[in-house]
Every structure is written in C-alpha cells, then in structure tokens.
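These notes concern the structure reproduced below.
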Amino acid sequence: LLVLLILIHYRKCISMNESIPTDGVYMSDSNTNVKDAPAFHENPYCKALNNAKDIQFDHADVEGNAQNGPVVRLSFASLFDALGTCLKDESSVLLLYSLVHGNCDFQEYVLVRTDLDTLLMPILEMLYNASRKTSNQIYMLLIILLILSQDSTFNASVHKLVLPSVPWYQERLMHQTSLGSLMVVVLIRTIKYNLSKLRDVYLHTNCLAILANMGPHAHRLSAYASQRLVSLFDMLSRKYAKLAELKNDKALKVTSDQMEADIISDDTSTELHIYTDFLRIVLEIINAILTYALPRNPEVVYAVL
C-alpha cells in the first residue's frame, strides 16, 4: 500500500529548459508560462488509478467513452469492504481519499452503497479521538466527508441509516441514533476541540461546510445532536461578544506605545472577523434545517426554543 501511494502521488517536476507535453504533443517554452507555476509530468500510475473501473461494470455500458490503452479493473465491493476494516491505518485513509477524490466511478459506487456505516464509522471514531491525531490526519478525514457530503443522496442516506449502538462514544449512551445525527455530534465535537487546542481556521471551515451540506437534508435529527448544534452557536456567540468587547475597550484605551496597540487591535479584528464568519455559517445551517426540513426535525425546533 505504501509503495502504491508513493507511485500515485509522485510528481516529477519539469525543468525550466524542458518542453511541456500537452495532450501528448510537446509545445515550445514560448507558448507556456513555466515561470508562473511549477509544471509536472503526467503520472501514469495516478491516471490508471483514477480511470480504474469496477470488475462488474459492463463493457457494453460504455457510451463512446473509449479509454486510451488498457483499463485497470478491480472489485469495488471487495475494495470498499477491505477499506472499511483497516481505516484506522493512516495509509488506508490516504488511499480512500485518493480514490474518492480522483476516481469518479469509485465515488459513485460509495454513494450508492446502503451500508455507508462500513466506511463512516471508522472515520467518525478517528475524529472522535482527534486528540491522538495530527492536524494533517484530521484534514484528510474531513476532506473525505466533505467530498461525500456534496451529494444529496449521501446526505439523505446517512439520516435514514439507524445505528443500534455506538460503543466507542463515551460521553453519552447512543442507542438507535441515526448515522447523520452521529456525524453532526462528532463534527461539532471536532470544532470544539479545534477551538481549544489546534485553533486552525481551515479545519473549522471544513467541519462547518460538511454540516452546511447536510443541513437541508436533515431527517429526524436526535435531541442530543440538536442540542449540540444550538450549544455550538451559543459558544461561538459568547466568544464573539467577548472579542467585540475587547476590541471596544482597546479602542477607548490610549496607550503610550501606539504601535503595540495597533498590532493588538489588528489581531482582535482578524479574530472577530473569523468568528463573524463562523457564526454566519452556523446560522445558515440552522436556517437550512428550519427552511427545508422543519416538519422532520421537531427536536431542532425544541432545542432552538
């Protein structure tokens, strides 16, 4: 697996005096801006992985999409099950990301599976134990969820799939909760962990983007997930109010060292702007649930009230 990952992610940079191949035809340097951005040779291993087809895919179904050269065929069902059993390993997560991001056929296969918990439960468990992971590992998991959450079928499916129990969730007994509700709870937990420890804006944005994608498709969100969503808004708004107060205090206070005051003021303004964006997204998530899925989510209404 590690050798495969090296092969598919290796990119050989094209040197400044070397021509760049475009569609198999080398063009002269005068027609390309090599200086503007680094150019890379096409990676045949990456191309083969991205074009890989399911072994059960019927050759006759191809509508004029003739591939240049032989196409790699493998069992997507076996691959899906194998990934589900070993996702706790970082290299397996990277392979899943490479497939979901690069191979449209595999991504579509994952989205139509009815047992999405096979892949999602290990991912959510790893996010639940975020304190033991590096920020890069957390990113990779969140990007996989973000790619999948862009599909409306996926968002509908996760809310309909009910889990009998979640043994690794310690704070509360989770019986007969939907996979969608569990995703909301774990993502909000990741946001709160990030606020206190990593303080990474990009990580926040990813978590909130997944929740925003899921919002309009929420279906019978659990009482606990609804309560967590409202408490997230409450926590962010308190942090925002504190920063706004701090900024006003600094504006009123005249300090002897004006330059230092300006630096502190700039830092506060930046953080205030970030929290304004976070609050706006959380409001959009709640608004999307109330606008598009109100009758199906009485617990959200109750939590808001």
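The values are calculated or read from the model by the stated rules, or taken from the named source; none is laboratory data. Keep in mind it's a predicted model, so treat the numbers as computed, not measured. Virtual Cβ from ideal backbone geometry, glycine too; neighbours counted across all protein chains shown. Ligands, DNA and RNA are excluded from the accessible area calculation, which covers all protein heavy atoms including side chains. Shrake-Rupley method; radii C 1.70, N 1.55, O 1.52, S 1.80 Å.
Here are some notes:
- Output for the range 95-106, where each listed residue is of a type outside the set (Phe, Trp, Tyr), crowded, with 17+ Cβ neighbours inside 10 Å and part of a helix (DSSP H, G or I): Leu95, Leu96, Ser98, Leu99, Val100
- Just one of (1) within 17 Å of Ile289 (Cβ to Cβ); (2) touching a Pro at 6+ places or on another chain (Cβ under 9 Å) fails for His219. It is (2).
- In the range 88-112, the residues that are closer than 18 Å to Arg132 by Cβ reach residues that are part of a loop (DSSP other than H, G, I, E, B) and open to solvent by 50 Å² or more (accessible area, probe 1.4 Å) with C-beta atoms within less than 6 angstrom, at least six apart or across chains, in these pairs: Ser91/Leu1; Ser92/Cys86.
- Scanning the range 123-156 for residues that are under 23 Å from Leu111 (Cβ atoms), open to solvent by 40 Å² or more (accessible area, probe 1.4 Å) and polar (S, T, N, Q) turns up Gln150, Ser152, Thr153.
- Residue match in the range 220-236 (condition: farther than 21 Å from Asn297 by Cα and either surrounded by 14 or more Cβ atoms within 10 Å (Cβ to Cβ) or of a type outside the set (A, V, I, L, M) (or both)): yes
- A residue that is more than 16 Å from the chain's Cα centre (by Cα), assigned to a helix (DSSP H, G or I), surrounded by fewer than 14 Cβ atoms within 10 Å (Cβ to Cβ) and hydroxyl-bearing (Ser, Thr, Tyr) cannot be found anywhere in the range 173-183.
- Among the residues of the range 265-305, those that are over 25 Å from the mean Cα position of the chain (by Cα) and assigned to a helix (DSSP H, G or I) comprise Ser265, Asp266, Asp267, Thr268, Ser269, Pro298, Glu299, Val301, Tyr302, Ala303, Val304.
- Criterion applied to Leu120, Leu124, Leu148 was being under 17 Å from Pro216 (Cα atoms), in a helix (DSSP H, G or I) and at pLDDT 95 or above, and the one residue passing it is Leu148.
- Among the residues making up the range 73-87, those that are in a helix (DSSP H, G or I), more than 14 Å from Leu5 (Cβ to Cβ) and in contact (Cβ under 8 Å) with a residue 12 or more places away in the chain are Phe76, Ala77, Leu79, Phe80, Asp81, Gly84.
- Of residues in the range 191-240 being over 21 Å from Thr270 (Cβ atoms) and among the β-branched types (Val, Ile, Thr), the one farthest from the chain's Cα centre (by Cα): Val230
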